[in-house]
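The values are calculated or read from the model by the stated rules, or taken from the named source; none is laboratory data. Everything numeric in this text was worked out from a predicted model, so none of it was measured. All Cβ positions, even for glycine, are placed from backbone atoms using ideal geometry, and neighbour counts span all protein chains on display.
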Amino acid sequence: MGSVTVPPTSVTDTFTVDKVTEENIPLYHPNKTSTLNVSYHYNPEVSRYHYGALHPMKPFRLMLTDHLVISYKLYEKMDLYTPRKATKDELLQFHSEDYINFLQTITPEACKNLDELTLAKFNIGDDCPIFDGMYDYLAIYAGASLDATRKLISGMSDIAINWSGGLHHAKKFEPSGFCYVNDIVLSIINLLRVHPRVMYIDIDLHHGDGVQEAFYTTDRVMTVSFHKYNGEFFPGTGSVDETGIGKGKNFAINVPLRDGIDDESYVRLFKLIMEPLITKFQPTCIVQQCGADSLGYDRLGCFNLNIRAHGECVNFIKSFGIPMLVVGGGGYTPRNVSRLWCYETSVLNDVTLNHKIPNYLPTYDWFGPDFSLHPQLEGRIDNKNSRKYLESVKQEIMEQIRYLNHAPSVQMYEIPPDITGLTEEEDEIIKELNEEANND
Ligand SMILES: [Zn+2]
């Protein structure tokens with residue numbers, strides 16, 4: 001594991017324990033007295049939708065995740081919320097009315113009668129099919145991310161988690177890469193009402209193109225994406241030369257990686273890049289996307305990461321003590337997606353989990369034959385990231401970071417007055433006042 005810090009597990013592999021002792025080993029133990037308020041935003045309805053039998057995106061991975069989180073009794077540590085769906089008005093904060101109207105009215109039956117032009121206009125096809133209840137599904141996952149931002153804005157949460165969110169490819173006018181609406185962009189727009197600078201960090205296997213594009217011209221949002229890149233791999237963007245334009249110049253950071261990157265090189269590079277970026281940009285809020293397709297053995301994946309290494313990136317960002325919205329993303333081997341997100345929930349709550357999955361879990365059979373939270377996931381793919389290649393990527397990004405020294409607007413923003421804790425009623429009054437002003 002090299003320089004990756006491995007937290008101790010409750011049961012070591014070097015000695016065995018008898019059955020009675022084993023049954024009495026606690027599910028988790030706290031690492032320190034955590035004073036952070038962590039909230040968990042999950043509407044179980046979201047896991048019931050199907051993209052289609054052959055489609056790799058399986059919303060039931062969210063049910064598996066929730067089962068693990070509940071079985072480990074992590075609910076004792078967090079505030080739990082069952083969020084409402086996002087309203088149409090909320091979706092229109094980023095997406096075009098034309099597109100949202102289409103999503104709201106289209107059905108799988110009506111889709112069969114659509115002409116090629118309309119299908120192409122709205123990018124409907126194998127990746128983004130029209131399925132039963134699709135609009136409800138997207139309104140639920142977007143609603144959960146927005147709910148999480150409200151808890152961060154009001155100060156009720158220091159860290160807010162929505163594993164059903166993180167759908168980073170969706171564009172203003174169309175769906176992309178299994179993503180219909182972009183809950184991350186919607187969340188950041190909401191956070192910008194209060195936060196002068198928001199940092200977006202994406203450790204999904206794929207480039208976070210939808211979020212980068214939305215904030216490409218502003219210096220108030222820095223987007224940082226670590227991903228596989230060769231110019232062809234989906235979505236095709238994410239070269240180190242994509243750095244932002246206009247005021248946003250140098251506020252988009254891309255870390256293009258080759259197949260098979262391992263724990264040690266990934267975590268080392270991640271820390272080397274993130275430390276100076278956070279220090280220089282000084283975000284007042286961070287959105288961390290935790291796509292699980294960067295794990296080894298992912299159905300669509302080509303990296304070699306283990307769960308602890310992925311979680312160490314999240315742990316590192318948490319250590320800066322900045323309010324965080326934490327969302328999911330890709331991840332196509334459901335048993336490992338759920339292991340990862342349960343593990344990361346524990347990391348965010350400052351507890352160490354017993355690596356043995358609780359045997360009363362309703363979906364216990366999914367986690368055999370090892371029934372461990374930490375299966376070995378490295379070694380399937382050859383590591384094509386030479387030291388020389390990683391060094392050159394690091395050098396280019398360090399060069400870009402040096403330009404940030406001369407980014408005056410980073411220092412110029414004043415923190416806006418605290419408008420935390422707006423109730424829905426107050427929001428409604430402000431909206432009415434704005435509408436009146438517009439009508440006048
Ligand atoms: Zn992905």
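Return the residues of segment 99-130 that are of a type in the set (Asp, Glu) and buried (at least 16 other Cβ atoms within 10 Å of the Cβ); say none if nothing qualifies.
Scanning segment 99-130 gives a single hit, Asp127.
Please verify whether segment 217-228 includes one or more residues that are farther than 16 Å from Leu277 by Cα and among the aliphatic types (A, V, I, L, M).
no
Please work out which residue is surrounded by the most Cβ atoms within 10 Å (Cβ to Cβ), limiting yourself to segment 4-56 and to residues that are modelled with pLDDT under 70 and closer than 26 Å to Val327 by Cα.
Val4
If you check Tyr200, Tyr229, Tyr216, Tyr266, which single one turns out to be touching a residue at least 12 places away in the same chain (Cβ under 8 Å), away from the ligand (no atom under 16 Å from the Cβ) and under 24 Å from Gln395 (Cβ atoms)?
Only one candidate passes the filter, namely Tyr216.
With respect to Leu325, determine if the residue is of a type in the set (A, V, I, L, M, F, W, C) and at pLDDT 95 or above. Step through it out loud before you land on a result.
Working: of a type in the set (A, V, I, L, M, F, W, C): yes; at pLDDT 95 or above: yes.
Spelling it out, Leu325 is indeed of a type in the set (A, V, I, L, M, F, W, C) and at pLDDT 95 or above.
Under the condition of being touching a residue at least 12 places away in the same chain (Cβ under 8 Å), among the hydroxyl-bearing types (Ser, Thr, Tyr) and out of contact with any Ser or Thr (no Cβ under 6 Å at 6 or more places or on another chain), which residue from segment 316-360 is surrounded by the most Cβ atoms within 10 Å (Cβ to Cβ)?
For segment 316-360, the residue satisfying everything is Thr345.
Within segment 203-216, does at least one residue satisfy the condition of being surrounded by 24 or more Cβ atoms within 10 Å (Cβ to Cβ), in contact with a Leu (Cβ under 7 Å, 6 or more places away or on another chain) and within 21 Å of Leu91 (Cβ to Cβ)?
Scanning segment 203-216, I find no residue that is surrounded by 24 or more Cβ atoms within 10 Å (Cβ to Cβ), in contact with a Leu (Cβ under 7 Å, 6 or more places away or on another chain) and within 21 Å of Leu91 (Cβ to Cβ), so the answer is no.
When you look at Lys247, is it touching a residue at least 40 places away in the same chain (Cβ under 8 Å), basic (Lys, Arg) and under 20 Å from Leu390 (Cα atoms), yes or no? So that I can check it myself, show each step before the final result.
Values: touching a residue at least 40 places away in the same chain (Cβ under 8 Å): yes; basic (Lys, Arg): yes; under 20 Å from Leu390 (Cα atoms): no.
When the stated conditions are applied, Lys247 does not pass them.
Only one of these conditions is not met by Leu353: (1) out of contact with any Phe, Trp or Tyr (no Cβ under 6 Å at 6 or more places or on another chain); (2) at pLDDT 95 or above; (3) under 19 Å from Ala309 (Cα atoms). Which number is it?
Unmet for Leu353, out of (1) out of contact with any Phe, Trp or Tyr (no Cβ under 6 Å at 6 or more places or on another chain); (2) at pLDDT 95 or above; (3) under 19 Å from Ala309 (Cα atoms): (1).
For segment 277-286, indicate whether the set of residues that are away from the ligand (no atom under 14 Å from the Cβ) and free of Cβ contacts under 8 Å to residues at least 40 places away in the same chain is non-empty.
yes
Can you tell me which residues in segment 168-211 are farther than 19 Å from Tyr137 by Cβ and more than 14 Å from the chain's Cα centre (by Cα)?
Lys172, Phe173, Ile189, Asn190, Leu191, Leu192, Arg193, Val194, His195, Pro196, Arg197, Val198, listed by residue number.
So which residues in segment 323-357 are of a type in the set (A, V, I, L, M, F, W, C) and assigned to a helix (DSSP H, G or I), if there are any at all?
Listed by number, the residues that qualify are Val337, Leu340, Trp341, Cys342, Val347, Leu348.
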